[in-house]
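Beneath this line is the structure, given in structure tokens, with notes to follow.
Read the figures in this text as sums done on the coordinates, not as results from a lab. Note that this is a predicted model, so its numbers are computed, not measured. As a convention, Cβ positions derive from the backbone with ideal geometry for all residues, glycine included, and neighbour counts pool all protein chains shown.
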Amino acid sequence: DAGITQSPRHKVTETGTPVTLRCHQTENHRYMYWYRQDPGHGLRLIHYSYGVKDTDKGEVSDGYSVSRSKTEDFLLTLESATSSQTSVYFCAISEGIGGKASTDTQYFGPGTRLTVL
Amino acid sequence: EDQVTQSPEALRLQEGESSSLNCSYTVSGLRGLFWYRQDPGKGPEFLFTLYSAGEEKEKERLKATLTKKESFLHITAPKPEDSATYLCAVRATSGTYKYIFGTGTRLKVLA
């Protein structure tokens, strides 16, 4: 199993409060991703990182920011949580993009269930 | 527009009753197609990556195949422990990060 942990695993918060989710990997993979999963939708990309301090937006990035100060850690911050951000959040990692196709495979963490009241 | 569609949405099988799940895709150019298994309350677990039409991969009771328009996940003589949601995703040759996920097939295998 890929060494990916997420914290916290569950969180309940109130509208308007800031929230930070953490993803930690022990695989030394270059790429890290944050997805959200909601009923009726496939996994949707929020942000991704292609190296330390290198990040970019995904398809549903509004209201979210990310940071990556070390290879192993990728943080997702909800600056001011809203009820529409109630979801399950997954972190994923991949070895690389653009090289051998075999490095494209993403491995997922266990998820964080976030409820915004 | 790049798109992935999985069918059926849900499937109930008796133990030992073989069947197939479908993943149809439309992308400008396929770099890879990925199958995952997801159990309730857990993250997707990687099963297979397929790269080119005609490729097949097997793992225990699962076999994945790929054509130019779709992929099938064949489940032979399933057991109750195969019950899960199966997700399909594709990565196109264009774009640096884009993985497109289907909404999954929920499989229930009855003893």
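The table below gives the values:
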read-out	value
Ranking of B:Arg61, B:Arg91, A:Arg36 by count of other Cβ atoms within 10 Å, fewest first	B:Arg61, A:Arg36, B:Arg91
For the range A:1-51, the Rg and Dmax computed from alpha carbons only, in angstrom	13.1, 36
Unit charges on C-beta of K, R, D, E only; dipole of the range B:1-91, Debye	200
The range B:6-57: equivalent-ellipsoid semi-axes (sqrt of 5 x gyration tensor eigenvalues, Cα, Å)	23, 15, 12
Over 18 Å [Cα-Cα, chain B], rounded percent	45
Computed FRET value (nearest 0.05) for B:Ser52 with A:Val12, which takes r as the C-beta separation and R₀ as 45 Å	0.45
Gaussian network model of chain B, springs between alpha carbon atoms under 10 Å - residue of B:Leu62, B:Leu33, B:Leu87 with greatest fluctuation	B:Leu62
Relative contact order of chain A, pairs being alpha-carbon contacts under 8 Å that are 6 or more residues apart, as %	34
Loop chymotrypsin sites (Phe, Trp or Tyr not before Pro), the range A:32-79 (other Cβ atoms within 10 Å of the site Cβ: 15 or fewer; DSSP)	none
Built amide H within the under 5 Å cut-off of B:Phe48, gap 5+	B:Trp35
Cα Rg over Rh - chain A, Kirkwood	0.96
Rg/Rh for the range B:56-111, where both radii come from Cα atoms and Rh is the Kirkwood radius	1.04
Per residue convex hull volume, Cα atoms of the range A:10-79, in Å³	105
Reference-scaled alpha-carbon Rg (2.2 N^0.38 Å with N residues) for the protein assembly as shown	1.01
Residue among B:Tyr25, B:Tyr99, B:Tyr36 with the largest mean-square fluctuation in a Gaussian network model of chain B, springs linking Cα atoms under 10 Å	B:Tyr99
